[in-house]
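Report on the following structure.
The values are calculated or read from the model by the stated rules, or taken from the named source; none is laboratory data. These numbers were taken from a predicted model, which means no experiment stands behind them. Neighbour counts run over all protein chains shown; Cβ positions are idealised from the backbone, glycine included.
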Amino acid sequence: MQKEIRKTISKIKETGLQLLFPGRCPVCDGIVRPFGRKICPECLPKLKPVTAPWCMRCGKKLAEEREYCGDCMHREHKYDRARTLYEYRDVAPSIYRFKYSGRQEYGDFFGEEMARLLGDFIGRVRPDVIVPVPLYRGKLRKRGYNQAACLARALGRSLELPVDEKLVKRVRNTAPMKHLNPTERQNNLKKAFIIGRNDVKLYDRIILVDDIYTTGTTLDEIAALLKEHGVSKVYCVTLACGSGV
């Protein structure tokens, strides 16, 4: 009964906020009509989720049917398996606004889409908790929110899974990864993360959530850290990634 009451109160608060601050469409960025939706009806078909064939390790879209992408054929990842929602090139403007233009509300839609389209995968791996990739505190203060945490909260609500935003901390600011080669990426992330709690062994299986998957270096670094502290399985879901080759 209390659970239903909390859900009702949460829904009332959400409706009130939508009246005061109408949500923006994650595709066209216009005010969403009709009221109560998170995306324009005409924009929804423009989003094309990744479909098979995809890499069985990282989830990148493949041009032909095979087990692994070129990267995963030559690299051993620390995480166990990953899936992604979209190809980055299809949603790049949306992700830019989500991260840098204050469109925090996009996280609700995209997190719910993660639950809808990747929920079967998440259910099969039976996670104990969802953990967002953390932002460095300086970036968090500047941006005002962690986009990965926005995705994780919406995903957790949709699948009724707990979210732990304090399990992993980013203690060192790092350079942007997009222009770094694989070795530079690894060096860039050394000692960037620590465990933020002393009860990590309470979790056996974890889902990491991030916005973009490029080479998986960030997810590998966190997965290795978690496994050093007793976590047995680390799976990942991301909003978007590049294409496999």
(Q) Give me the residue from region 38-66 that is free of Cβ contacts under 8 Å to residues at least 12 places away in the same chain and among the charged types (D, E, K, R) and, out of that set, farthest from Thr218 (Cα to Cα). (A) Glu42
Q | Lone unmet requirement of (1) assigned to a helix (DSSP H, G or I); (2) touching a strand residue (DSSP E or B) at 6+ places or on another chain (Cβ under 6 Å); (3) more than 23 Å from Gly59 (Cβ to Cβ) for Gly156 | A | (3)
Q. Of these, Gly138, Gly156, which one is farther than 26 Å from Gln186 by Cβ and in the same structural domain as Leu202 (by TED's automatic domain parsing)?
A. Gly156
Q | Residues (assigned to a loop (DSSP other than H, G, I, E, B) and either among the aromatic types (Phe, Trp, Tyr) or surrounded by fewer than 19 Cβ atoms within 10 Å (Cβ to Cβ) (or both)) located in region 100-115 | A | Ser101, Gly102, Gln104
Q.
Suppose we filter region 191-230 for residues that are part of a loop (DSSP other than H, G, I, E, B) and free of Cβ contacts under 8 Å to residues at least 24 places away in the same chain; how many remain?
A. 3
Q. Taking the stated definitions as given, is Met56 in contact with an Asp or Glu (Cβ under 6 Å, 6 or more places away or on another chain), under 18 Å from Tyr213 (Cα atoms) and modelled with pLDDT of 90 or more?
A. yes
Q.
So Leu85 ticks every box in (1) modelled with pLDDT of 90 or more; (2) part of a loop (DSSP other than H, G, I, E, B); (3) surrounded by 13 or more Cβ atoms within 10 Å (Cβ to Cβ) but one. Which box is left unticked?
A. (2)
Q | Set Leu161, Leu155, Leu140: member being at pLDDT 90 or above and within 15 Å of Gly107 (Cα to Cα) | A | Leu155
Q.
Can you confirm whether Asn187 is farther than 24 Å from Tyr100 by Cα and part of a loop (DSSP other than H, G, I, E, B)?
A. no
Q) With respect to Tyr145, is the statement that it is in contact (Cβ under 8 Å) with a residue 40 or more places away in the chain and in a loop (DSSP other than H, G, I, E, B) true? A) yes
Q: Return a yes/no flag: does region 33-50 have any residue that is of a type in the set (A, V, I, L, M, F, W, C), in a loop (DSSP other than H, G, I, E, B), at pLDDT below 95 and touching an Asp or Glu at 6+ places or on another chain (Cβ under 9 Å).
A: no
Q) Which residues, taken from region 58-111, are in contact with a Cys (Cβ under 8 Å, 6 or more places away or on another chain) and of a type in the set (S, T, N, Q)? A) Thr84, Gln104
Q) How many residues, within region 132-190, are farther than 22 Å from Asp204 by Cα and more than 14 Å from the chain's Cα centre (by Cα)? A) 29
Q: Have a look at Leu118, Leu47 and point out the one that is surrounded by fewer than 19 Cβ atoms within 10 Å (Cβ to Cβ) and farther than 16 Å from Gly242 by Cβ.
A: Leu47
(Q) Between Arg97, Arg81, which is basic (Lys, Arg), within 19 Å of Ala224 (Cα to Cα) and touching a residue at least 60 places away in the same chain (Cβ under 8 Å)? (A) Arg81
